[in-house]
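Reviewing the structure listed below.
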Amino acid sequence: MVSVEQNTYVLKQSDGTIWNFLYDEIFGIMYKICKRNVWSNYIVFTNKTTGKFSVTILPNDNISIIYEDLHGNLIMELFDNTKWSHFNLLENEDNEKFDIYFRTLFLKNDLLILYSIYNKCTNILTLVSQIIDKNGELISPKLIDQFKAIHEIPFYVYTSNNDILYIAYQKQENNYLLGYRLLDYYSEDWSEFYIIDDALSPFKEYSLMSYEDKIQCLYIKKDCNNIYSLTYCKGNLSSYNYTTIFKDKDISYSAFFMIDEHIWCLWISNNELLSTVSIDGGNIFTSPPQVDSIEYLNISKATYFSNFLENKTSLCKGEAFFVNDDTPRLLVIDNIYKIVNRYDNSSLYYFQYFISALRKENIDYKKYICELNTSDKDILVEKLHKKIKEQENKLLYYENKFNKINNSILSFNENKAQLSINIEFLQDSLAAKEKKLNELEDLYIKKEEELNILKDTLNTVKTDEIKCFNFKKFFDKISSIIKN
């Protein structure tokens, strides 16, 4: 069975440098760096950890790592692109009684930490948010909620482009409720708990994004027949539209993210990775989903943050599945034409859309080159020209592929029209033959009636002949008696 490491981070700095952080049971927290498309070897950050950690990139490209040490204390390390600085954030004085889960993020001008404190004695989980100041001190604590613990990952956090912080989690009130609270940067307190969905058993996986002031949520729930469904929903507060993307007895992990307003949903079922995409804001998802075998891959579910300008304008933060090998790579639909082999209108719609998007991207790159300063242009022009050439080749390939499919459809439509004509001709011929057969049946019945009449007449004639013969014999006998 496929196993997915849940705590992995991929960060991209403004100069294009990529950092990949993960946890290994033997070596501890490790990371590797990619510069100019070349990945370094893994570097051990610390092995004095329980494996719980959270990584965030700041607007100035500084990197914050907060991890739990072997005594249950929270430690922060801050990298300023030159050196690491150490801070003791929170001391867990009773590690045997309390368990901590946490996530960090940057909101407006502050580094925030959201954490849950699980009381092992009472089974009560408390959610709290705090600001980490420049001295590494925790300030401004805010209570989010307190409830009975029901899930190993207590919450999911997300920050929107307009500086609204969301926390999604589930709790039990008769049924299991999946919902969220939000915190505006200028608000004093967290909002009320807005319910997204409910279920008879705990939700297995869930994640949340916000786009154009609408919540986007993907989650796995189980029904009374032990069938899991992957559900996508979007809406505001307590008004949502729901789409069931997939159903199966085995759905183990899910993730989704947004790029250029395209919503990508991924999930793992029966040792296979399935993925689908919507290009119209979640109204329609490509079907059937693309399926890839992943039984032997080392997979991580990674959170992605980017300060790279190209990514910041096109990427809506989310989660995705990565393969952590020598060159970490994203698992997602990489060629949309693979899922449009069927000759239907929706497939052509997706094909035409992506061709148009590629053409627009080429125009944008050329425009970007013209707007660059001379000093910047010398640095980027070669890279961008190469990118444009790659996109033009890709565009040509897609256009050729589209033309082949379109020609096949035209040929199919022509054959279909000719087939309709032939069917109509056969139907007319069949009707004429059926009419002729009915006439023959009528004629047969008429002839059969005439034959019966003829038989009756013949029988009558025979009877008369017999009578005539018998009369003649009688007459001859009389004549003989008279003569004698």
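Selection over the stretch 277-304 of residues that are under 13 Å from the mean Cα position of the chain (by Cα) and more than 16 Å from Phe322 (Cα to Cα) gives a count of 13. Here Lys134 meets each of (1) surrounded by fewer than 16 Cβ atoms within 10 Å (Cβ to Cβ); (2) assigned to a strand (DSSP E or B) with one exception, condition (2). Quick check on the stretch 402-452: of everything there that is aromatic (Phe, Trp, Tyr) and touching a residue at least 24 places away in the same chain (Cβ under 8 Å), which residue is surrounded by the fewest Cβ atoms within 10 Å (Cβ to Cβ)? My answer is Phe412. Being modelled with pLDDT of 90 or more and under 16 Å from Lys317 (Cβ atoms) is a property that does not hold for Tyr169. Taking every residue in the stretch 32-45 that is under 22 Å from Phe308 (Cβ atoms) and touching a residue at least 60 places away in the same chain (Cβ under 8 Å) and pairing it with any residue that is basic (Lys, Arg) and assigned to a strand (DSSP E or B), at least 6 positions away or on another chain, the pairs with Cβ-Cβ distances below 6 Å are Trp39/Lys32. Annotation for the stretch 80-103: at least one member residue is part of a strand (DSSP E or B), exposed (fewer than 15 other Cβ atoms within 10 Å of the Cβ) and small (Gly, Ala, Ser).
Looking across the stretch 36-63, the residues that are surrounded by 15 or more Cβ atoms within 10 Å (Cβ to Cβ) and over 30 Å from the mean Cα position of the chain (by Cα) come down to Tyr42, Phe45, Thr46, Thr49, Thr50, Asp61, Asn62, Ile63. With respect to the conditions (1) of a type in the set (A, V, I, L, M); (2) at pLDDT 80 or above; (3) under 25 Å from Leu107 (Cβ atoms), Leu309 lacks only one, and its number is (2). When Leu143, Leu105, Leu114, Leu127 are checked against the criterion of being farther than 20 Å from Phe87 by Cβ and within 30 Å of the chain's Cα centre (by Cα), a single residue qualifies: Leu127.
Determine, yes or no, whether Asp260 is among the acidic types (Asp, Glu) and under 19 Å from Asn161 (Cα atoms). Judged against the criteria, Asp260 is a match. Pairing each residue of the stretch 85-109 that is under 18 Å from Asn7 (Cβ atoms) with any residue that is charged (D, E, K, R) and loosely packed, with under 14 Cβ neighbours inside 10 Å, provided the two are 6+ apart or on different chains, yields C-beta distances under 7 Å for Asp99/Lys120. Looking across the stretch 134-188, just one residue is touching a Ser or Thr at 6+ places or on another chain (Cβ under 9 Å), of a type in the set (Asp, Glu) and under 23 Å from Tyr118 (Cα atoms), and that is Asp145. Report yes if some residue within the stretch 141-151 is under 19 Å from Lys52 (Cα atoms) and modelled with pLDDT of 95 or more; otherwise report no. No, because not a single residue in the stretch 141-151 is under 19 Å from Lys52 (Cα atoms) and modelled with pLDDT of 95 or more. Taking into account only those residues within the stretch 2-20 that are of a type in the set (Ser, Thr, Tyr) and assigned to a strand (DSSP E or B), which is surrounded by the fewest Cβ atoms within 10 Å (Cβ to Cβ)? Looking at residues that are of a type in the set (Ser, Thr, Tyr) and assigned to a strand (DSSP E or B), I get Tyr9. Only a single item in (1) assigned to a strand (DSSP E or B); (2) among the small types (Gly, Ala, Ser); (3) touching a Leu at 6+ places or on another chain (Cβ under 8 Å) is not met by Ser140, and it is number (3). Of the residues examined, Ser252 is one that is among the polar types (S, T, N, Q) and closer than 28 Å to Pro328 by Cα. Restricting the stretch 250-259 to residues that are of a type outside the set (A, V, I, L, M) and either in contact with a Leu (Cβ under 8 Å, 6 or more places away or on another chain) or modelled with pLDDT of 95 or more (or both), the residue that is farthest from Glu152 (Cα to Cα) is Phe257.
Matching residues to (1) hydrophobic (A, V, I, L, M, F, W, C); (2) within 17 Å of Asn88 (Cα to Cα); (3) assigned to a strand (DSSP E or B):
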| residue | (1), (2), (3) |
| --- | --- |
| Leu22 | yes, no, yes |
| Lys32 | no, no, yes |
| Thr50 | no, yes, no |
| Val55 | yes, yes, yes |
| Pro59 | no, no, no |
| Ile66 | yes, yes, yes |
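The values are calculated or read from the model by the stated rules, or taken from the named source; none is laboratory data. Everything numeric in this text was worked out from a predicted model, so none of it was measured. Cβ coordinates were reconstructed from backbone atoms using ideal geometry, including for glycine residues, and neighbour counts include every protein chain displayed.
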